[in-house]
Amino acid sequence: MLTTYTKFKKALFDVPAHRLHEYLPGPCLFHLEGERSPALFLSVLLHGNESSGWDVVKRLLDRYKGKSLPRSLSILVGNVKAARYRKRKLQSQPDYNRVWASGNTPEHDMMQSILDTMQQRGVFASIDIHNNNGLNPHYACTNRLDLRYLGLAREFSRMVIYFVRPSGVQSLAFAKHCPAVTLECGQPGDEYGIQLATNYVDKVLNMKSIKPAKNIQEDIDLYHTVGVVKIPDDVSISFNTEPADVRFINGIERLNFEEIPASTTLAQVNSDIERPMIVLDEDGKDIFADYFRIDAEQLQTTACIMPAMLTDKIIFIRQDCFFYLMEKYDISMGEKTIDTQTSVWS
């Protein structure tokens with residue numbers, strides 16, 4: 001499934017993500033030589049509708065036309081077929097950002113081959129670029145509480161998310177081998193997000209080493225994912241007062257990274273719906289009752305919650321999730337969990 005190149009075609013500089021299928025046969029891995037090694041690994045378009053990463057690649061490489069890259073760069077351009085239709089994935093495909101753990105599909109094999117290749121070549125750091133479906137700030141995610149990983153994330157944003165589920169994401173796979181981050185760059189086409197990510201990747205490309213984060217209590221707003229919220233397949237939902245089993249309040253997508261107090265009503269629920277949402281913690285346990293209740297056909301919070309990546313786009317809710325539940329990570333209470341190792345690659 002994977003095609004490998006050692007040069008970036010000039011024609012690609014003018015190609016939008018949804019036309020890449022005209023130039024690339026499918027998922028492609030570009031190995032571009034630079035002045036330093038090992039290479040920085042960059043993945044884009046793991047979700048075909050998240051085009052900002054491809055825009056970042058074009059703008060970054062345009063800066064180095066006619067001159068050497070400061071460091072070798074390996075670029076994975078992922079779901080070209082889904083990008084053609086501006087879809088996260090095609091119905092026949094698995095999610096390209098859920099197949100980096102063990103599995104038995106061709107896509108699992110492809111991602112494992114990429115990991116094997118990069119391990120053999122060596123890798124400086126990994127950056128995976130994404131867009132949000134809802135209204136979210138720009139932020140970085142990491143999967144290890146390691147000072148170098150936190151330092152790499154802080155270079156992009158003061159807001160950093162720590163998570164370990166879902167287990168099949170790209171950053172979690174690369175985090176076993178090198179400092180790895182995921183960048184959330186707003187919605188597709190967000191110009192500021194594209195500029196921010198382009199400058200960030202350029203900065204990392206010019207780094208001689210990745211320095212551990214300093215003064216993390218003062219310099220980083222660290223959040224932890226405590227649960228993922230999904231809608232059961234047999235429960236219909238709406239966001240505009242149209243008839244449905246669950247009718248969410250108008251403007252709910254604006255609540256990302258807002259602290260929502262207890263006893264806040266989020267939706268009207270039909271009387272025959274016992275569980276309008278499934279809330280799974282990191283161990284897969286349903287913790288709906290810890291955060292929500294149904295009172296007089298109203299879905300209400302029972303504790304203060306903070307959602308992230310909340311969206312009102314039903315197709316993405318069905319394909320992935322409704323939102324993630326976040327909590328502020330108290331670094332002062334977790335200093336013993338912060339890994340101060342300076343060498344991860346083995």
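Evaluated against (1) under 18 Å from the mean Cα position of the chain (by Cα); (2) closer than 17 Å to residue 206 by Cβ, residue 62 falls short on exactly one condition, (1).
Take the conditions (1) under 24 Å from residue 180 (Cβ atoms); (2) open to solvent by 10 Å² or more (accessible area, probe 1.4 Å); (3) in contact with an Asp or Glu (Cβ under 6 Å, 6 or more places away or on another chain); residue 68 misses just one of them, which is (1).
Against the criterion of being touching a helix residue (DSSP H, G or I) at 6+ places or on another chain (Cβ under 9 Å) and open to solvent by 10 Å² or more (accessible area, probe 1.4 Å), residue 62 qualifies. The residue list 246, 235, 164, 269 contains one member that is within 23 Å of the chain's Cα centre (by Cα) and of a type in the set (Val, Ile, Thr), which is 164. Restricting attention to the range 82-106, the residues being assigned to a helix (DSSP H, G or I), touching a Lys or Arg at 6+ places or on another chain (Cβ under 9 Å) and surrounded by fewer than 20 Cβ atoms within 10 Å (Cβ to Cβ) number 1. Here residue 234 meets each of (1) in a loop (DSSP other than H, G, I, E, B); (2) at pLDDT below 95; (3) of a type in the set (Asp, Glu) with one exception, condition (2). Here the strands (runs of 3 or more DSSP E) wholly within the range 1-66 that include at least 2 residues being over 26 Å from residue 93 (Cα atoms) are 39-44. Among the residues of the range 107-132, none is identified as part of a helix (DSSP H, G or I) and within 16 Å of the chain's Cα centre (by Cα).
Taking (1) farther than 30 Å from residue 150 by Cβ; (2) surrounded by 14 or more Cβ atoms within 10 Å (Cβ to Cβ); (3) at pLDDT below 95 in turn, residue 240 satisfies each apart from (2).
Conditions (1) polar (S, T, N, Q); (2) closer than 22 Å to residue 174 by Cα; (3) touching a strand residue (DSSP E or B) at 6+ places or on another chain (Cβ under 9 Å), marked per residue:
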site	(1), (2), (3)
37	yes, yes, yes
45	no, yes, yes
49	yes, no, no
52	yes, yes, yes
61	no, no, yes
67	no, no, no
90	no, no, no
94	no, yes, no
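Of all residues in the range 281-306, those that are open to solvent by 30 Å² or more (accessible area, probe 1.4 Å) and among the polar types (S, T, N, Q) total 2.
Here the condition is being assigned to a helix (DSSP H, G or I), touching a strand residue (DSSP E or B) at 6+ places or on another chain (Cβ under 7 Å) and not hydroxyl-bearing (Ser, Thr, Tyr); of 197, 173, 140, it holds for 197 alone. Filter the range 214-231 down to the residues that are over 18 Å from the mean Cα position of the chain (by Cα) and open to solvent by less than 20 Å² (accessible area, probe 1.4 Å), then identify the one that is farthest from residue 70 (Cα to Cα). It comes out as 231.
The values are calculated or read from the model by the stated rules, or taken from the named source; none is laboratory data. Predicted model only: the values in this text are computed from it and were never measured. Glycine also receives a Cβ, built like all others from the backbone with ideal geometry; neighbour counts cover every protein chain displayed. We work out accessible area using only protein heavy atoms, side chains counted, and drop any ligands, DNA or RNA first. Shrake-Rupley method; radii C 1.70, N 1.55, O 1.52, S 1.80 Å.
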